[in-house]
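This report concerns only the one structure given below.
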Amino acid sequence: MLASLAGDDESARATAWEDLVGVYWRPVYKYIRLRWRRNPHDAEDLTQGFFTKALEKDFLSRYDPGRARFRTYLRTCLDGYVLNEAQASTAAKRGGGKAALSLDFPDAEREVGTQPAPREDQIDEFFRTEWVRGLFASALADLKRTLERAGHGARFDAFQRYDLAESEPRPTYEELGREFGVPATTVTNWLHDARRRFRGHVLDRLRATTATDEEMREEARALFGKEYDR
């Protein structure tokens, strides 16, 4: 849980911070670009500055789980930060002798180019949707890393070709089997394993970036419905 950010274990704090940034940086950047209508350069600086300040000021210490979900609290903090941060000082604050976060802003900017700015009544849903995308993208990277380290890169490739296909029709199990040189039954087993692992990685990321067990369970049920039983 995010409580690790306030703990005494330096390694646990660093891991918790990486998990938080990994899931939330893209929603934050796109929210600044579209909701606050800042240009890409300013949005990059504000994104870097927001996370740097959030870490330095320990904003989690003021979070009350009884009042809102963590992502709502984070967005509220972001609104306040952008509103109060003068553009001229953002880049200077981001510097300060500290290394900037390594984030793929060009990739996020390509996505921004295909999205309209959210209306006032769409803000909460927009940020939630981008949060889910960030959560799933982080879990997908975890899955790829896990399978490749275990020597099962083909399983990830099959999962990507079938479950993440961007166009229809998707390849059949038989076609994937011929492509990877294995029986269709093996493809079935690969996909079952990859889906199970992916779901586990999503839950791990969710557990790492929510503030309480109750919030984690609520978010998991919203994502997986009755299938969530952990």
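Here are the numbers:
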item: Residue selected from region 159-179 under the condition within 31 Å of the chain's Cα centre (by Cα) and surrounded by 15 or more Cβ atoms within 10 Å (Cβ to Cβ), by the criterion nearest to Arg145 (Cα to Cα); result: Phe159
item: Hits in region 105-132 - residues which are in a helix (DSSP H, G or I) and without any contact (Cβ under 8 Å) to a residue 40 or more places away in the chain; result: Pro106, Asp107, Arg110, Glu120, Asp121, Gln122, Glu125, Thr129
item: Region 96-113 - residue that is modelled with pLDDT under 50 and of a type in the set (Gly, Ala, Ser) and, of those, nearest to the chain's Cα centre (by Cα); result: Ala99
item: Filtered residues of region 16-28 (kept if in contact with a helix residue (DSSP H, G or I) (Cβ under 7 Å, 6 or more places away or on another chain) and either under 14 Å from Leu60 (Cβ atoms) or without any contact (Cβ under 8 Å) to a residue 12 or more places away in the chain (or both)); result: Ala16, Trp17, Asp19, Leu20, Val21, Tyr24
item: Qualifying residue in region 180-201 (condition: in contact with a Pro (Cβ under 6 Å, 6 or more places away or on another chain) and either surrounded by 14 or more Cβ atoms within 10 Å (Cβ to Cβ) or in a helix (DSSP H, G or I) (or both)); result: no
item: Output for region 164-220, where each listed residue is aromatic (Phe, Trp, Tyr) and under 28 Å from Tyr73 (Cβ atoms); result: Phe198
item: Count - residues of region 31-74 that are under 18 Å from Leu103 (Cβ atoms), without any contact (Cβ under 8 Å) to a residue 60 or more places away in the chain and among the basic types (Lys, Arg); result: 2
item: Residue among Asp42, Asp19 that alone is more than 18 Å from the chain's Cα centre (by Cα) and part of a helix (DSSP H, G or I); result: Asp42
item: Test set (1) farther than 30 Å from Phe70 by Cα; (2) among the hydrophobic types (A, V, I, L, M, F, W, C); (3) under 20 Å from the mean Cα position of the chain (by Cα); (4) exposed (fewer than 14 other Cβ atoms within 10 Å of the Cβ) - Ala141 fails condition number; result: (1)
item: Residue within region 58-79 that is closer than 19 Å to Glu18 by Cβ, charged (D, E, K, R) and surrounded by fewer than 16 Cβ atoms within 10 Å (Cβ to Cβ) present; result: yes
item: Close pairs from region 160-182: first under 17 Å from Arg195 (Cα atoms), partner surrounded by 12 or more Cβ atoms within 10 Å (Cβ to Cβ) and among the small types (Gly, Ala, Ser), Cβ under 7 Å, at least 6 apart; result: Tyr173/Ala184; Leu176/Ala158
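Listed here are the residues, each with its yes/no results for (1) over 27 Å from Gln115 (Cβ atoms); (2) touching a Ser or Thr at 6+ places or on another chain (Cβ under 6 Å); (3) outside any loop (DSSP other than H, G, I, E, B); (4) among the basic types (Lys, Arg).
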position: Val23; (1), (2), (3), (4): no, yes, yes, no
position: Val28; (1), (2), (3), (4): no, yes, yes, no
position: Trp36; (1), (2), (3), (4): no, no, no, no
position: Gln48; (1), (2), (3), (4): no, no, yes, no
position: Phe51; (1), (2), (3), (4): no, no, yes, no
position: Leu55; (1), (2), (3), (4): yes, no, yes, no
position: Leu60; (1), (2), (3), (4): yes, no, yes, no
position: Tyr81; (1), (2), (3), (4): no, no, yes, no
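The values are calculated or read from the model by the stated rules, or taken from the named source; none is laboratory data. Since we're looking at a predicted model, the values are computed, not measured. Quick reminder, even Gly has a Cβ in these numbers, built from the backbone with ideal geometry, and neighbours come from all protein chains shown.
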